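Each remark here refers to the structure printed beneath this line.
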Amino acid sequence: MNPPVRLDIDAVCPWSGARAGRLTTPHGIVETPVFMPVGTQSTVKAMTWQQVEDTGSQIVLGNSYHLYLRPGHKHIAKAGGLHKFSSWGKPILTDSGGFQVFSLQELRKIGEKGVAFKDHLTGNEHFIGPRESMEIQNAIGADIIMAFDECVKNPATYDEAKAAMDRTHRWLEVCVASHERKVDQALFGIVQGSIHEDLRSESVRAVCAHDLPGFAVGGVAVGEARDLIEKIVL
C-alpha cells in the first residue's frame, strides 16, 4: 500500500544539511520548506481563501480541539470533510488537540487513557484520548493528522518530561491501532522529551520504530529559551 503522503527531496544544502523537496498529498503538492497558515476553525481569520491562495500558501492547519467543539467533527463529516466544509481544496494538516487541551491547565486532568477537561467556551466536560483524537481527525478528513501526545510546559523536571514522553509513546500505539483512514490520511508520530537530549534520542527511536509516513518534533517553544529550542531542534 502506497503511503497517503510522500516526500521527495530535490536539493540538499552542502553546508547546513537543509533540504528542499515536494510533499505529495491527496489534495496536491506542497513545496518544502513551507509556511503553513493557521486556519484554526476552518478559516484563516480576516482573509478569504482566494487571498490565502494569492499569498502562495499551499497548505493550512486546522485545529482539532476547536473544530471538535464547534461545529463538531460529526457535522464536518456529514458535510463531506473539512475540505468541502471550508471550501479549501488544497492540503490540510490537523493537530491532535493535545496542546490545546494541556494548555487549559486548571480545567483538565491527565490520566493514562487521555485527558478529561472542561472546554473554555461553555465549561462542559469532555474527554479526549488517543482513540478519540483519531476518531475526531478521521472525521475531519485532513491530509495529515497528528498523534495525540502529552506536551509538558517548560521549565519541567526530568521526571516530568520522561513521564510525559513515555505516555506519548503509549498513546502513539493506540493512535496507530485506531487510525482508520490509512489510505488517504497520513498519521505523523510526535517526538517529545522536553530539553533533555537523552530523552529526545530515546523518543526518536521509539516513535520512528512505527512505520508511519512522517514524524514531527513536539514540545518546543513552550517556555524554554531560544538557545535551548535550537539545541533540541537542530
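The values are calculated or read from the model by the stated rules, or taken from the named source; none is laboratory data. Quantities reported herein were computed from a predicted structural model and do not represent experimental measurements. Neighbour counts run over all protein chains shown; Cβ positions are idealised from the backbone, glycine included.
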Six or more apart or on different chains, Cβ atoms under 9 Å: show the pairs whose first residue is in the stretch 38-63 and under 11 Å from I92 (Cα atoms) and whose second is acidic (D, E) and surrounded by 17 or more Cβ atoms within 10 Å (Cβ to Cβ). I59/D143; L61/D95; G62/D95; N63/D95
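For (1) touching a Lys or Arg at 6+ places or on another chain (Cβ under 7 Å); (2) of a type in the set (S, T, N, Q), each residue gets a yes or a no:
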| site | (1), (2) |
| --- | --- |
| V12 | yes, no |
| L23 | no, no |
| E31 | yes, no |
| V34 | no, no |
| Q51 | no, yes |
| S57 | no, yes |
| Y65 | no, no |
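From the residues in the stretch 58-79 that are part of a loop (DSSP other than H, G, I, E, B) and not basic (K, R), which one is surrounded by the most Cβ atoms within 10 Å (Cβ to Cβ)? Before the answer, list the steps.
Of the stretch 58-79, the ones part of a loop (DSSP other than H, G, I, E, B) are 58-59, 70-72, 79.
After this cut, where a residue has to be not basic (K, R) as well, the list is 58-59, 71-72, 79.
Values: Q58: 20, I59: 25, P71: 15, G72: 13, A79: 15.
Here the answer is I59.
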Of the residues in the stretch 23-50 that are more than 16 Å from the chain's Cα centre (by Cα) and of a type in the set (G, A, S), the one that is farthest from I9 (Cα to Cα) is A46
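Considering only the stretch 121-234, give the helices (runs of 4 or more DSSP H) lying wholly within it that have at least 3 residues that are touching a His at 6+ places or on another chain (Cβ under 7 Å), surrounded by fewer than 22 Cβ atoms within 10 Å (Cβ to Cβ) and at pLDDT below 95. Before you say what the answer is, go through the steps one by one.
On the way: elements: 130-140, 158-178, 197-208, 226-233.
Qualifying helices (runs of 4 or more DSSP H): none found.
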Looking at Q137, Q105, which is the one that is out of contact with any strand residue (DSSP E or B) (no Cβ under 9 Å at 6 or more places or on another chain) and not acidic (D, E)? Q105
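Out of V115, V101, report the one residue that is part of a strand (DSSP E or B) and either surrounded by fewer than 21 Cβ atoms within 10 Å (Cβ to Cβ) or modelled with pLDDT under 95 (or both).
Details: V101 fails: part of a strand (DSSP E or B).
Within the list V115, V101, the selection yields V115.
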Among the listed residues S87, S42, identify the single one that is exposed (fewer than 14 other Cβ atoms within 10 Å of the Cβ) and at positive phi. S87
So, K90, is that one within 20 Å of the chain's Cα centre (by Cα), under 22 Å from V30 (Cβ atoms) and not in a strand (DSSP E or B) or not? yes
